[in-house]
1. Do we find a residue being over 20 Å from F54 (Cβ atoms) and outside the structural domain of S17 (by TED's automatic domain parsing) anywhere in region 173-181?
2. Name the one entry in T65, T116 that is over 19 Å from the mean Cα position of the chain (by Cα) and either outside the structural domain of R35 (by TED's automatic domain parsing) or part of a helix (DSSP H, G or I) (or both).
3. Just to be sure I understand the filter: pairs with C-beta atoms under 6 Å, separated by 6 or more residues or on different chains, first member in region 110-137 and free of Cβ contacts under 8 Å to residues at least 40 places away in the same chain and under 15 Å from A83 (Cβ atoms), second member among the polar types (S, T, N, Q) and assigned to a helix (DSSP H, G or I). Which pairs pass?
4. If the Cβ limit is 7 Å and pairs must be 6+ apart or interchain, which residue in region 235-246 that is assigned by TED's automatic domain parsing to the domain that holds H182 pairs with which residue that is small (G, A, S) and not in a loop (DSSP other than H, G, I, E, B)?
5. For the list (1) more than 21 Å from S22 (Cα to Cα); (2) surrounded by 15 or more Cβ atoms within 10 Å (Cβ to Cβ), I need the number of the one condition that Q223 fails.
6. Within region 69-85, how many residues are of a type outside the set (S, T, N, Q), outside any helix (DSSP H, G or I) and within 17 Å of I6 (Cα to Cα)?
7. Can you find, within region 1-60, the residue that is surrounded by the most Cβ atoms within 10 Å (Cβ to Cβ) among those that are among the aromatic types (F, W, Y) and assigned to a strand (DSSP E or B)?
8. Just give me the residues in region 22-69 being of a type in the set (S, T, N, Q) and in contact with an Asp or Glu (Cβ under 7 Å, 6 or more places away or on another chain), in sequence order.
Amino acid sequence: MNQAKIYSTSLTEYIDSPTITSGGAIILCRDGHARMQVNFNHWDLSKGEVITIFPGEGLQLHDATSDFCVDVLGYSNSMLREASLQLEHAVYSFLRTDRKCSDPEVVKNVVESMFTYISFYLSNPVYEETDHIVLLMLKSFFLGIYEHIRNNPQEQMEEIGSQRTNELFNAFMAILEKDYKHSRDVNYYASKLCITRKYLGIIISRKTGITAKHVIDEYVIMQLKLNLRTSHASIKQIAAEYNFSDASFFIRYFRHATGSTPAEFRRLHKV
């Protein structure tokens with residue numbers, strides 16, 4: 001079974017609230033315009049621009065025009081792991097910060113060509129090595145876009161605050177993505193960054209307009225929703241996995257944030 005697919009969409013499932021992506025995606029805007037929120041950072045995406053989304057990131061769509069449409073190359077988490085085996089971690093850290101490419105020459109000659117190339121193999125069942133082909137193309141894409149953006153600096157993300165603020169915020173998000181099941185305490189993340197809780201709060205507020213606790217809880221809730229939609233684990237098992245003291249506390253926490261219990265959410269949204 002292929003671990004990648006290409007499809008056209010308006011991404012309407014990401015309009016109402018932030019949603020964790022179960023896989024990764026290379027998104028090519030074919031028409032219109034939208035403002036995309038990726039892990040509490042905002043990006044403007046217009047026709048002819050491409051943006052990279054990694055597995056486990058929070059995505060939400062804002063202010064999408066009625067004609068907004070994108071082509072998506074979606075790939076699995078395991079495929080990303082395989083593609084990254086021989087690539088430096090710095091490549092992915094860099095692309096998480098500068099993840100958009102607007103250069104028309106690169107989009108036309110690299111991204112559109114890649115979509116056409118992969119679509120050909122995915123649409124022909126006679127080919128049995130499509131996953132391997134996509135792996136090689138992903139590795140080539142990551143390296144190529146990394147080299148292009150690194151050597152052609154431009155205004156990418158809407159930067160708020162100093163370079164130090166942005167570095168600390170990105171470091172905070174990296175720790176949160178790794179440790180969200182372990183802790184929901186602001187002090188925990190501040191200590192990991194070797195800064196005070198107050199300073200972390202100031203950084204998060206400057207970048208997002210909300211509190212550090214709100215960011216942590218919103219990210220955890222996004223992950224919990226994904227878990228409830230896609231896994232068969234019991235409520236008690238999920239509570240233990242996310243380090244809640246018991247299932248009752250987990251239920252109260254989830255209901256306070258969403259207005260429904262985990263069981264009610266799963267019943268309505270189970271994949």
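The values are calculated or read from the model by the stated rules, or taken from the named source; none is laboratory data. Given the structure is predicted, the values throughout are model-derived calculations rather than measurements. Here the Cβ is made from the backbone with ideal geometry for all residues, glycine too, and neighbour counts use every protein chain on show.
1. If we filter region 173-181 for residues that are over 20 Å from F54 (Cβ atoms), which is where we start, we get none.
Scanning region 173-181, I find no residue that is over 20 Å from F54 (Cβ atoms) and outside the structural domain of S17 (by TED's automatic domain parsing), so the answer is no.
2. Values: T65 fails: either outside the structural domain of R35 (by TED's automatic domain parsing) or part of a helix (DSSP H, G or I) (or both).
When all the criteria are applied, what remains is T116.
3. Going by the 6 Å Cβ cut-off, there are no qualifying pairs.
4. I235/A247; I235/A263; K236/A247; A239/A247; D246/A239
5. Q223 satisfies every listed condition except (1).
6. Restricting attention to region 69-85, the residues satisfying the condition of being of a type outside the set (S, T, N, Q) are 69-75, 79-83, 85.
Filter once more, keeping what is outside any helix (DSSP H, G or I): 69-75, 85.
Filter once more, keeping what is within 17 Å of I6 (Cα to Cα): 69-75.
Total meeting the criteria: 7.
7. Let us first name the residues in region 1-60 that are among the aromatic types (F, W, Y), namely 7, 14, 40, 43, 54.
Now narrow it down to the ones that are assigned to a strand (DSSP E or B): 7, 43.
On the way: Y7: 10, W43: 16.
The qualifying residue surrounded by the most Cβ atoms within 10 Å (Cβ to Cβ) is W43.
8. Filtering region 22-69 down to residues of a type in the set (S, T, N, Q) leaves 22, 37, 39, 41, 46, 52, 60, 65-66.
If the condition is that a residue be of a type in the set (S, T, N, Q) and in contact with an Asp or Glu (Cβ under 7 Å, 6 or more places away or on another chain), then N39 is the only one that fits.
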